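Let me begin by presenting the structure, written as structure tokens, before commenting on it.
Each reported figure results from applying straightforward, stated rules to the coordinates on display, with no laboratory input. Everything numeric in this text was worked out from a predicted model, so none of it was measured. Cβ placement follows ideal geometry from the backbone for every residue including glycine, while neighbour counts extend to all protein chains displayed.
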Amino acid sequence: MKKYRIGIVGATGAVGQEIIHLLEKREFPIAEARLLASARSAGREIQACGNLEIVRETTPESFKGLDIAIFSAGSQNSIQFAEIARRQGCVVIDNSSAFRMDADVPLIIPEINGDEVEKHQGIIANPNCSTAVALMGLHPLHKRFGLKRFIASTYQAVSGAGAAGVEELDQQTRTALGVETSEPKGDSIFPHPIAYNLIPHIDDFREDGYTKEELKMRNESRKILNLPSLEISCTCVRVPVYRAHSISINAEFESTVNVPDARDALEGSPGIELWDLPNAQRYPMPINYTEKEACGIGRIRVDHALKNGLALWVVGDQLWKGAALNALQIAEVLVERKCLRFM
Ligand code: A2P
């Protein structure tokens, strides 16, 4: 079996670490796992795919000989290095928002629009974490009933802000409980306390009052579902949960809806599981969907405020389906369909 040389840019970060874990878990055929990060981490040793690998600083020379590079080091680094990697014949799968809306960059959730991978010209974008989780629940319903518009409220875990977000929640919780009195190191990740609180603000505000994160849900959903005029309103909220994002969705459809048909549409769809027995107190929660590949769907009911509307609750591990897993699934599609060559 052919094996592939993979670069992981941001290998020391929250998503990078999950990519390393999932490469092993999913037995991706690896010839080399090249761990790249900032100069701060150069020389660190990390176990990856059965070997002790040394982390290297990311430079323009880092991509020589690689088949695929998965970037999870923020937009600035993607802008700085992705094109350099691409020009060296390496297919870039980018977790940042840098290229998602570029017309010549496919934005892929393999279960939804995996065929688009074949159109790539060296860069493929991975969607925003909340968008990926929300669409895993919405897409099967769209296929059955025809999606007209939706309203989403997100409950986003602190690990979505990187390893430092988790540390900040930990530190503030210890301080609130009186087990730590030291001052936090460095700048805050969140604009307000996150322990015992929630913050209705993720990313920068725009003039219309929405945040950039909220606009990602609208713009990226339109592109992935190929519904350019889909109407979407989203509120993104950071909550003191370590891991897995939850999204409350109220969706309106073209055709008449009912709960049994909605369940039927969802059941058996790849990458999701129905977890919807309210009388047995069964509904998806972040604690159950941490380190889980499938997204959970529950609380399905006919929406009382919309015509042909359904309300639902979707939970997914944003470090996995919202980032590392989705990126790796894209790599798997590239390999399966033999579309690594583009130059
Ligand atoms: P480093 O650990 O060396 O700072 P997170 O999302 O958890 O905050 O992680 C961000 C990731 O991006 C880390 O792996 C971090 O590496 C990496 N990173 C930050 N700045 C750079 C850079 N200039 N070049 C390459 N990787 C970077």
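Can you tell me which of S72, S182, S159 moves the most in a GNM of the chain? Springs connect C-alpha atoms under 10 Å apart.
Result: S182 has the largest fluctuation of those listed.
Cross-link partners among aspartates and glutamates for K148, C-alpha distance below 15 Å, same-chain residues fewer than 8 apart left out?
Reachable aspartates and glutamates: E231, E252, E254, D303.
Normalised by the number of residues in the range 240-312, what is the relative contact order in percent for Cα pairs under 8 Å and 6+ residues apart?
Computed value for the range 240-312: 41 percent relative contact order.
Show the residues, 5+ positions off or on another chain, whose built amide H is closer than 5 Å to the amide H of A69.
G7, V91, V92, I93
Is there a pair in K64/K321; K119/K212; K64/K185 whose C-alpha atoms are over 31 Å apart, and which pairs would that be?
Result: K64/K185 exceed 31 Å.
Select from the range 97-187 those trypsin sites (Lys or Arg not before Pro) which occupy a DSSP coil region and have at most 15 other Cβ atoms within 10 Å, ordered by residue number.
Counting only loop positions with at most 15 other Cβ atoms within 10 Å, the trypsin sites (Lys or Arg not before Pro) in the range 97-187 are K185.
Sorted from fewest to most neighbouring beta carbons within 10 Å, what does the list D94, D187 look like?
In order of increasing Cβ crowding within 10 Å: D187, D94.
Just how large is the dipole of the range 130-317 about the Cα centre, in debye to the nearest 20, putting +1 at every Lys and Arg Cβ and -1 at every Asp and Glu Cβ?
Dipole size: approximately 540 debye.
Less than 19 Å apart at the alpha-carbon level, and either on another chain or at least 8 residues along: which aspartates and glutamates does that give for K292?
E18, E24, E27, E111, E267, E273, D276, D317, E332
Can you tally the net charge around W275? Count Lys and Arg as +1, Asp and Glu as -1, for every other residue whose Cβ sits under 11 Å from the Cβ of W275.
Charge balance in the 11 Å sphere: +1.
Rank L230, N113, M217 by how far each Cα sits towards the positive end of the charge dipole of the chain (+1 on Lys, Arg Cβ; -1 on Asp, Glu Cβ) and give me just the farthest.
It is N113.
Mind checking the dipole of the chain: about its Cα centre, +1 per Lys or Arg Cβ, -1 per Asp or Glu Cβ, Debye to the nearest 20?
Dipole of the chain, to the nearest 20 debye: 480 debye.
Quick one: order C234, C339, C129 by neighbouring beta-carbon count within 10 Å, fewest to most.
Final ranking by Cβ density, sparse to dense: C339, C234, C129.
At 0.36 nm per residue, and after removing the present C-alpha to C-alpha distance, how many nm does the segment from A176 to I199 gain when stretched out fully?
Full extension of this stretch gives 6.5 nm more.
If the elastic network links every pair of Cα atoms under 10 Å, which of S269, S246, S153 fluctuates the most in the Gaussian network model of the chain?
So, out of S269, S246, S153, the one fluctuating most is S269.
So which lysines pass the test for K143, namely a Cα distance under 20 Å, with those fewer than 8 places away in the same chain ruled out?
K223, K307
Nothing charged except the Cβ atoms of Lys and Arg (+1) and of Asp and Glu (-1): what's the magnitude of the dipole of the range 5-52 about its Cα centre? Round to the nearest 20 debye.
In total the dipole reaches around 120 debye.
Ranked by Cβ crowding within 10 angstrom, fewest neighbours first, how are M285, M217, M1, M136 ordered?
The most exposed by this proxy come first: M1, M285, M217, M136.
Toward the positive end of the charge dipole of the chain, about the Cα centre and with charges on Cβ (Lys, Arg +1; Asp, Glu -1), which of G137, A37, G268 goes farthest?
Among G137, A37, G268, the one farthest towards the positive end of the dipole of the chain is G268.
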